[in-house]
1. What does the extension gain come out to for residue A:558 and residue A:115, with contour length at 0.36 nm per residue minus their alpha carbon separation?
2. Taking the alpha-carbon set of region A:105-244, what are its Rg and Dmax in Å?
3. What order do you get for A:500-508, A:443-451 when each peptide is scored by the mean count of other beta carbon atoms within 10 Å, highest first?
4. Region A:94-156: percent of C-alpha pairs farther apart than 12 Å?
5. Can you give the FRET efficiency to the nearest 0.05 for residue A:326 and residue A:247, using r as the Cβ-Cβ distance and R₀ = 41 Å?
6. At 7 Å along Cα-to-Cβ for each site, give me the label-to-label distance between residue A:590 and residue A:351 in nm.
7. Go ahead and run the numbers for FRET between residue A:517 and residue A:433, Cβ-Cβ distance against an R0 of 45 Å, rounding to 0.05.
8. Taking only the alpha-carbon atoms of region A:217-361, what semi-axes of the equivalent ellipsoid follow from 5 times the gyration tensor eigenvalues under a square root, in whole Å, largest first?
DNA sequence: CTGTCGTTTATTTTT
DNA sequence: TAAACGACAG
């Protein structure tokens, strides 16, 4: 409905014919949207019209409560969600809608940081580092500390996690006792220093600094007075620091409305804390709680099945999702001989349904891990069916794109030594590792940027004259680009970079076409933005590029089958959904076998996957699958399948025949029992050899059944037999055994 | 400084 | 299995 329509509605309202904008909502949604003052918690089940409720709420505030649109802040997690919400608000509230700030947490933060950069100890032209940049910094530091550059990703994510929990290196050093931990603190500290030197921030910093800015009373109060009405979407996925930012911002007027679904919290591994939503009522005692339980998306079979699965979770607030969409389509379950057969079945099924009148774009295949997409690609290509994979290798993570971006980063911010080091010899221009090392040493000693070191390379004695000439010519190039950036468009600068460096010509021939195409796509993207807004500054462009992700450009119009991980499907809906790889160890993931919280997260993931489907849902699994080159046989179907009421499932055999006696095939428990038996009677009963146990090994104990080794405690005596094994049994909980005492049968 | 060969090591990833 | 990285020879 457009603004003009609302003018008409307004007219009708005055005549008493229509009461309010909110008449476009059902009674629960209306209740949620009509409470404007004070804290509100909206628990919105999957497909319950969450976005509709929020946008109507905003329109209601502006048009009927005469609240100034610029005092409304709506925070989402993805740019896509922000864009969609913004569009819908503008449709409802017209011009007023454009003044509402709809933003992601991160772009809100960057906005604050650009305004108050000095207060955060930054220069306003700071660059934003992504995960790859973070890893490069960490690995460089580790090398400089003569540490083995192992587990870089682990350390990097640990740093991010600590930052987002607000723990500084100094604070953490108090907890670091082991050598390893002490080294880590050093890496962490140096990492922070390096970013500062480069005038760069990472994603966690955006939130961290924002939170720090809000410790300044004046800044906080200005923000509070500006944004008197706050709405947070997907609140179940907020982490600690986001929680704190929100808390500060809302503390003055307490007009905070959070929307979320604890059953769809799937980013725990990234620091999302489900407690934020579960404890909202404790934080805001006067909070009103509204549940949206009517699902408009899916059929009754799908809704009922999803609810049945999620009811197994303890950490649920207990919504009762319902729908009046009756359906005759049961969930189809297919058991494949191997993973290739699984893919083939799905492709055949898609062909069949296409003949019956569906479009390719109606189908979506969901899987737990990205690696699973390969098989489907092969099958689709064989049949030349159009398909599109979302979120596998992000566009902007490609080498050529990152290279160009690095050039731009240096032009924007000469302190960014990381970006400069990346492209100093790209394309190859005879500046090798040794040269870079010498320069690094120099800049370390003089405490200057790499850029400065290159510009003044005459002062570096160890460098040969030939190298100095090369370095100076690079510096000259950058000088010219920096000058250019004052008056030229970003797209022209990119073109100039390509030209002056012969970047494309120097790509290896067999890769030139594809990479060249990607670069062209990048340029087209810039030109598009420039034509939209007239002009986009280098800084704004870089900012946008670092905050926008690959899943944002999911184009609806494309007539292709969609493939994506379950994670990236959140918030989306599709007519026909296939969930592939419904197997134990894969989904739920093997790591969740021991940790119940992990298992609950997997279950929520399953809930998300199922509730994406509007009409038809297929679950498939395979008896064989190779993972990392090792083929595992006799795979057991996912326990989640058995958590769905039997009557909702139709078992389809490998020939596509319907087999009635689905219930009689082996369930997770049955198969486990069989497996136990198999191993009890197998010859693998030999006494344990040295180093035969590893954490994660499956074992079967005579009286306690199947379990997993979760810990090995080395005792001081040298006898391995005295090692204590901590075992988590599926049935009887955690128990410890002396290695020598244990009768065991390792399964895998 | 560049290219090749063997070794290593694997979820999920809104920003 | 396959990609990505580090060591070493040219």
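Laboratory data are not the source of any read-out in this text; all were calculated from the coordinates shown. If you're wondering where the values come from, they're calculated on a predicted model, not measured in any experiment. Positions of Cβ are backbone-derived with ideal geometry, glycine not excepted, and every protein chain shown enters the neighbour counts.
1. 155.5 nm
2. Gyration radius and largest Cα-Cα distance of region A:105-244: 16.1, 52 Å.
3. A:443-451, A:500-508
4. So the portion of pairs separated by more than 12 Å is 76 percent.
5. In this case the efficiency is close to 0.40.
6. The two pseudo-label positions are separated by 3.4 nm.
7. That pair, residue A:517 with residue A:433, gives E of 0.90.
8. 41, 18, 16
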